[in-house]
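Contents: one structure, followed by commentary.
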Amino acid sequence: MTRARWRTAAAVTAVLLAAACAPSSTETAADREALGQESPEADPTPGSVPGTATSAPEQPDAPGDATYAVSAPGPRRGAIVPADILLQDTEPLSADVVRGVRDLDGVLDALPLSVSQVVLENRIYTIAAVDAAQYRRFTVKDSADLQAQWDRVAGGEVAASDTLRKRLPIDEDGFLSLEMNPAVPRLHVGAWAPQVEGIDLVVNTSVGEALGMPADNALVISSGQTAPQTLRAPLAKLVGEEISVQNLDVVSTLGLDPDAFQTAVLFGSFADAVGVFNYTPIGGGRIAPDPAWVRSHITTEVVPILGSVTCNKAIMPQLKAALAEVVSQGLESAINPGEYAGCYYPRFIAGSTTLSNHSFGLALDLNVPGNQRGTVGEMDRDVVAIFKYWGFGWGGDWRYTDPMHFELNQIKRPG
């Protein structure tokens, strides 16, 4: 967010969704008024009319229960500060590094937090596990002071950036499916509100630990009245060239900073298949992954039906097994090798700075002409069932369908 936008931000809409448990007693009348609620018992379910009294549905599997709850943060304490720089490493930052950043001339404040990436319907979202009492100070005022949001994060729910309201693939009960992470298979979205630029989803530290996120591997930095770009050189000298340093005002105005490499650290099955993914934006919606990562993760092999394909090494055994079963079931003609559109393609989602799962070589597009976005598609459903059995998710099941698309959901090894 640019400093001008931070200073002059108008009131923002921040909406809380139905809680997985009873509403917090700390939700204020102002919070409920912003939600169109007359009482704490009148939480609207997704899609309900504001002001209509409805009971929160029972969600016994929700992270909103005591399993992932931490202490509620209470009212905001401390001044709100702009979030100017996001520094991310692959491992927890040492106390010396954190102390050194805080001591740099021009640094007003610096907050450790855990940052990873998660794949949802071919998009890579950045998720942060935070101490809500401290992190909220780096968001805009209306979000920082929406007490119910932070109570729900503390209770085990997720707060999502309000820019994702129409994009994030939540189900009818308000849950995000995390099929690639059996430890926490789904998360309940409890709030839509502005977050720190570059962060899409926010959870508490207990949820982050359960997800397997690296602890405190990132810093969100406020430079106060100092121009953030002037801190690039001293930060690089302090933390080294291998740690991603992103100016957040660049994210909001121009896209990702082409002078800084980015880091993606995934969890769940994707952590096994991807490891740490470093890349640099190179224009035209494309990225340049670290050549060492490409050498260790990407391979070209011959598979049934399609012939020679270039994908992530982790996907190859399952892809070969799925296609071999398609052949054995007499369904080979249902896949047209001439309509295969590739697997490994390092790029952003069109018109965004969000990574596509194709960047990791973990997705492939089949029978493209007859299976366009937003349609039911012509993909043979027996072929779909075979791919699902072998651990692939299918874009035809998504809220905004993509029936040509198959992507790794879980790692399976043929016997």
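Against the numbered list (1) closer than 25 Å to Phe270 by Cα; (2) free of Cβ contacts under 8 Å to residues at least 60 places away in the same chain; (3) hydrophobic (A, V, I, L, M, F, W, C), Met404 comes up short only at (2).
The C-beta contact set for the range 154-168 (first residue under 9 Å from Asp200 (Cα atoms), second residue among the acidic types (Asp, Glu), distance under 7 angstrom, 6+ apart or interchain) comprises Ala160/Asp200; Ser161/Asp200; Leu164/Asp200. Evaluate the range 53-66: report whether one residue or more is at pLDDT 90 or above, in contact with a helix residue (DSSP H, G or I) (Cβ under 6 Å, 6 or more places away or on another chain), assigned by TED's automatic domain parsing to the domain that holds Asp173 and not basic (Lys, Arg). No: the range 53-66 contains no residue that is at pLDDT 90 or above, in contact with a helix residue (DSSP H, G or I) (Cβ under 6 Å, 6 or more places away or on another chain), assigned by TED's automatic domain parsing to the domain that holds Asp173 and not basic (Lys, Arg).
Restricted to the range 114-138, and to residues there that are surrounded by fewer than 22 Cβ atoms within 10 Å (Cβ to Cβ) and among the basic types (Lys, Arg), the residue that is farthest from Pro73 (Cα to Cα) is Arg123. State whether the residues of the range 151-163 include one that is in the same structural domain as Ala110 (by TED's automatic domain parsing), under 25 Å from Ile411 (Cα atoms) and crowded, with 18+ Cβ neighbours inside 10 Å. Scanning the range 151-163, I find no residue that is in the same structural domain as Ala110 (by TED's automatic domain parsing), under 25 Å from Ile411 (Cα atoms) and crowded, with 18+ Cβ neighbours inside 10 Å, so the answer is no. Each residue in the range 209-230 was checked for being part of a helix (DSSP H, G or I) and more than 27 Å from the chain's Cα centre (by Cα), and 1 pass. Suppose we filter the range 300-328 for residues that are of a type outside the set (A, V, I, L, M), assigned to a helix (DSSP H, G or I) and in contact with a Leu (Cβ under 9 Å, 6 or more places away or on another chain); how many remain? Counting residues in the range 300-328 that are of a type outside the set (A, V, I, L, M), assigned to a helix (DSSP H, G or I) and in contact with a Leu (Cβ under 9 Å, 6 or more places away or on another chain) gives 2.
The values are calculated or read from the model by the stated rules, or taken from the named source; none is laboratory data. Predicted model only: the values in this text are computed from it and were never measured. We place every Cβ from the backbone using ideal geometry, glycine too, and count neighbours over all the protein chains shown.
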